[in-house]
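The values are calculated or read from the model by the stated rules, or taken from the named source; none is laboratory data. Source: prediction; values computed, not measured. Cβ placement follows ideal geometry from the backbone for every residue including glycine, while neighbour counts extend to all protein chains displayed. Just so you know, the surface numbers come from the protein's heavy atoms only, side chains and all, with ligands and any DNA or RNA stripped out. Shrake-Rupley method; radii C 1.70, N 1.55, O 1.52, S 1.80 Å.
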Amino acid sequence: MWISGAVALVTGANRGLGASFTQALLARGAATVYAAARDASMVSVSDPRVKPIDLDITDRAAVAAVAQRCGDVDLLVNNAGAMLLGPLITAPDTGAARTEMEVNYFGTLEMCRAFAPVLARNGGGALVNMLSVVSWYTVPFNASYCASKSAEWALTNAARVELHGQGTHVVGVHAGFIDTDMAADVSEAKIAPEDVVAQALDAVENNVPEVITDEWTRHVKSTLPVDQDELYPDLFRAWAAGASPWGRD
């Protein structure tokens with residue numbers, strides 16, 4: 001599908017990558033962008049085509065109400081997410097893991113389910129899920145987030161198959177650290193949010209199912225058949241030595 005003339009909804013649109021998605025959609029000629037956030041008053045993009053919407057994607061009733069209200073959407077960008085930087089085994093409890101799964105997996109699932117019939121009525125359109133390099137690579141200090149992103153990757157692949165028959169193009173976007181507030185304290189190399197968004201929207205317009213945005217993410221995906229030999233030994237050593245938690249020193 002073409003972005004020009006599209007009606008899009010972006011979750012997590014109040015800052016960072018979500019704001020970049022909103023700006024890029026406008027620049028490519030989108031007719032309307034519903035900018036969804038828990039507090040829509042925090043949406044920073046000012047343009048008459050932007051329609052701020054209060055939305056907590058973990059609230060099933062709120063998601064259903066927004067899907068009914070925004071019945072003209074033909075491009076859904078599931079960008080909202082939570083990253084709480086918690087391990088799995090040594091965390092004091094499972095609270096962080098449950099929150100990340102509720103937002104990143106179940107919240108995204110609710111959005112996909114609610115908007116699938118909307119997209120179908122509007123000709124199929126496209127659905128974009130923001131995933132991560134850690135869909136394929138789990139690091140202890142951030143393990144519960146990694147688990148939720150791995151689940152979201154499985155969701156994305158299933159949605160692609162289930163929605164193919166109605167003409168909906170599903171794009172999974174994988175990236176390493178993105179230069180936004182979420183990764184403000186990270187010293188690793190980061191990719192610019194504008195670069196991630198440009199690649200994602202190019203994939204929408206060119207019918208590409210998966211976007212792997214940066215060199216590290218491409219490397220991780222390429223080593224999946226041998227990850228226990230090529231990725232995790234470095235991580236074991238780095239974790240034991242207190243070096244880079246990503247095993248990339």
As computed over segment 1-63, the Cα convex hull volume per residue (Å³): 82 Å³
Sum of side-chain charges, L127 neighbourhood, beta-carbon under 12 Å (Lys, Arg +1; Asp, Glu -1): 0
DSSP-loop chymotrypsin sites (Phe, Trp or Tyr not before Pro) across segment 1-106, with at most 13 other Cβ within 10 angstrom: W2
Semi-axis lengths (Å, descending) of the ellipsoid that matches the C-alpha gyration tensor of segment 42-138: 28, 15, 14
The chain - percent of accessible surface contributed by carbon and sulfur, probe 1.4 Å: 52 percent
Mean accessible surface per residue for segment 103-176, computed with a 1.4 Å probe while every protein chain stays in place, in Å²: 30 Å²
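Could you size up the charge dipole of the chain around its Cα centre, putting +1 on the beta carbon of Lys and Arg and -1 on that of Asp and Glu, and report it in debye to the nearest 20?
Computed about the Cα centre, the dipole is about 580 debye.
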Accessible solvent surface per residue of segment 23-86, calculated while the other protein chains remain in place, 1.4 angstrom probe, Å²: 47 Å²
Diffusion coefficient, µm² s⁻¹, Stokes-Einstein with Kirkwood Rh over alpha-carbon pairs of the chain at 10 °C and 1.306 mPa s: 87 µm²/s
Measure of compaction for segment 104-210 (Cα Rg per 2.2 N^0.38 Å): 1.12
The chain: relative contact order as a whole-number percent, Cα under 8 Å and 6+ apart: 17 percent
Length gained when the stretch L88-D54 is fully extended (0.36 nm per residue, less Cα-Cα span): 9.1 nm
Estimated inter-spin distance, A31 and A120, nm [label 7 Å along Cα→Cβ]: 2.2 nm
Under 16 Å from the Cα of K149 - lysines, other chains or at least 8 residues apart: K221
Relative contact order [Cα under 8 Å, 6+ residues apart], segment 26-120, whole percent: 26 percent
